[in-house]
Amino acid sequence: MENPALESLVEQRFGDLRSKSVPDLLALPECKEDVIKVDGKDVTLCPIHEMKDGKHRFVLQAIRERWGRITAKVVARGFEIETDKQLRTLTPEELYDFT
């Protein structure tokens with residue numbers, strides 16, 4: 001089932017994250033959860049900062065629990081900082097563990 005409000009929120013917050021400078025990105029914590037309401041339901045937003053293969057990787061994960069917390073709708077977008085300081089969008093395969 002699609003959730004346009006959740007997808008839109010993730011795209012907006014992901015754009016905000018990508019627009020930060022490299023020094024600001026590198027200063028982000030490993031994970032900081034924030035719970036907000038989307039269409040009257042709690043959504044946990046978690047920007048994740050990790051090192052993978054010597055590169056800084058950033059993932060924005062949004063989780064909306066459903067069915068009495070038995071299942072959840074999870075949306076994730078991410079990028080990493082390449083050695084030349086360029087940002088490379090993560091592939092769906094690279095985001096698999098976050099969804």
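Per-structure values
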{"item": "Residue (of GLY15, THR71, THR89) at the positive-pole extreme of region 4-98, dipole from beta-carbon charges", "result": "THR71"}
{"item": "Note, ³J(HN,Hα) from phi for region 45-55, Karplus 6.51, -1.76, 1.60, rounded to Hz, x at Gly and Pro", "result": "9, 9, x, 10, 10, 9, 9, 9, 6, x, 10"}
{"item": "Cα-based Lys proximity count in the chain, under 17 Å, for pairs eight or more positions apart or on separate chains", "result": "7"}
{"item": "Spherically averaged projected area of region 4-98 from its Cα convex hull (nm²)", "result": "6.4"}
{"item": "Among 78-84, 35-41, the order from most to least packed when residues are scored by Cβ within 10 Å on average", "result": "78-84, 35-41"}
{"item": "Electrostatic dipole magnitude of region 4-98 [Cβ: Lys, Arg +1; Asp, Glu -1; Cα centre; debye, to 20]", "result": "240"}
{"item": "Label-zone membership for region 27-56, site THR99, 7 angstrom Cα→C-beta point, backbone N under 14 Å", "result": "none"}
{"item": "Fewest-first sequence of VAL74, VAL43 by Cβ atoms within 10 Å of each Cβ", "result": "VAL74, VAL43"}
{"item": "Relative packing of peptides 18-29, 51-62 - highest average C-beta neighbours within 10 Å first", "result": "51-62, 18-29"}
{"item": "Per-residue HN-Hα couplings for region 36-43 [Karplus 6.51, -1.76, 1.60; θ = phi - 60°; Hz; x = Gly/Pro]", "result": "10, 9, 10, 6, x, 10, 5, 10"}
{"item": "Summed residue charge, Cβ within 10 Å of VAL74's Cβ, Lys/Arg positive, Asp/Glu negative", "result": "+1"}
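Values in this text are rule-based calculations from the coordinates and carry no lab data. Keep in mind that this is a model prediction, so the values were computed, not measured. Glycine also receives a Cβ, built like all others from the backbone with ideal geometry; neighbour counts cover every protein chain displayed.
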